[in-house]
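What follows is a short report on a single structure.
The values are calculated or read from the model by the stated rules, or taken from the named source; none is laboratory data. Everything numeric here is computed off the predicted structure, so don't read it as measured data. Cβ sites come from the backbone with ideal geometry, for glycine too, and all protein chains shown count toward neighbours. Heavy atoms of the whole protein, side chains included, go into the accessibility calculation; ligands, DNA and RNA do not. Shrake-Rupley method; radii C 1.70, N 1.55, O 1.52, S 1.80 Å.
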Amino acid sequence: MKRLKTHTFWKTTIVYWVYVKFKNFMKDVQITKNFILYFALYLLANGILVGVMLANPFVGLVLLIILNIYVYDYLSKRIKSYTKIKDAINDLYNGKTDINLDEMEFYAEDKEIAKHINDIAGGLSNAINERLKSERLKTELITNVSHDIKTPLTSIINYIDLLKKENIQGEKANEYLNILDNKSQRLKKLTEDLVEAS
């Protein structure tokens, strides 16, 4: 009577609780039309088999067991598909790109998801290989250019040393030699740093 007077009778019933749970379930999880259709067919088949059980218990029970075994098999295959897809996505997230899901093992929507995962993994693998190739080419270019600079630079440094040993007269000439020596040594150090960095 209290619930009737406070207008909370409907909201405190088990039927309302089931209704709210089902409504939230439908909101939270996007259920496909196929799932709703299969579930309705499953409930209908169970209802029919319960009717058969009332008429002939043995036949009804056998058919009910066969139906539930089939449903269990179907659901277990779907769960395996889901697990494989989840593992493949985790592998992709962790950087593993050599993923190749066999699309023939999957059903309907899962087959399309498996195909997309294979495409993403292949694209990532190609992008990584291209990046590595590019980095390798840059390193080779830097090494080759540094080597090409180093050879004439060594000659310049040697000639500067030879000129210093000649005891050239003139303050300006010695000043120019010192500047050349400093600049060539600096260039040598930069070239060595470049090779080391590459």
* With 29 Å as the limit, write out which pairs from LYS21/LYS96; LYS21/LYS77; LYS21/LYS115; LYS96/LYS150; LYS96/LYS189 have Cα-Cα distances beyond it, or answer none. => LYS21/LYS96; LYS21/LYS115; LYS96/LYS150; LYS96/LYS189
* To do: Classify region 10-126 as rounded, prolate or oblate from the Cα gyration tensor: take a ≥ b ≥ c as the square roots of its eigenvalues, call it rounded if a/c is under 1.5, otherwise prolate when a/b beats b/c and oblate if not.
  => oblate
* With every protein chain in place, region 69-198: carbon and sulfur % of accessible area (1.4 Å) -> 57 percent
* 222 nm mean residue ellipticity, helices alone, for the chain (DSSP H n ≥ 4; -39,500 (n - 2.57); rounded to 500) -> -29500 deg cm²/dmol
* **Loop-resident sites, region 1-102, for trypsin sites (Lys or Arg not before Pro), counting at most 15 other Cβ within 10 Å (DSSP)** => LYS96
* To do: Could you run the Karplus curve 6.51 cos²θ - 1.76 cosθ + 1.60 with θ = phi - 60° over region 62-78 and give me ³J(HN,Hα) per residue in whole Hz, x for Gly and Pro?
  => 4, 5, 5, 5, 4, 4, 5, 5, 4, 4, 4, 4, 4, 5, 5, 5, 5
* Taking only protein heavy atoms into account and a 1.4 Å probe, give the accessible area per residue of region 54-158 in Å². => 74 Å²
* Any idea what the dipole of the chain comes to, in debye rounded to 20, about its Cα centre with Lys/Arg Cβ at +1 and Asp/Glu Cβ at -1? -> 1620 debye
* To do: Describe numerically, in nm with one decimal, the distance between label points set 7 Å from Cα along Cα→Cβ at ILE48 and at ASP91.
  => 4.1 nm
* Structure fact -> Share (percent) of C-alpha pair distances in the chain greater than 21 Å works out to 77 percent
* Structure fact -> Mean separation of Cα contacts under 8 Å (at least 6 apart) over the residue count of region 52-198, i.e. the relative contact order in percent, is 16 percent
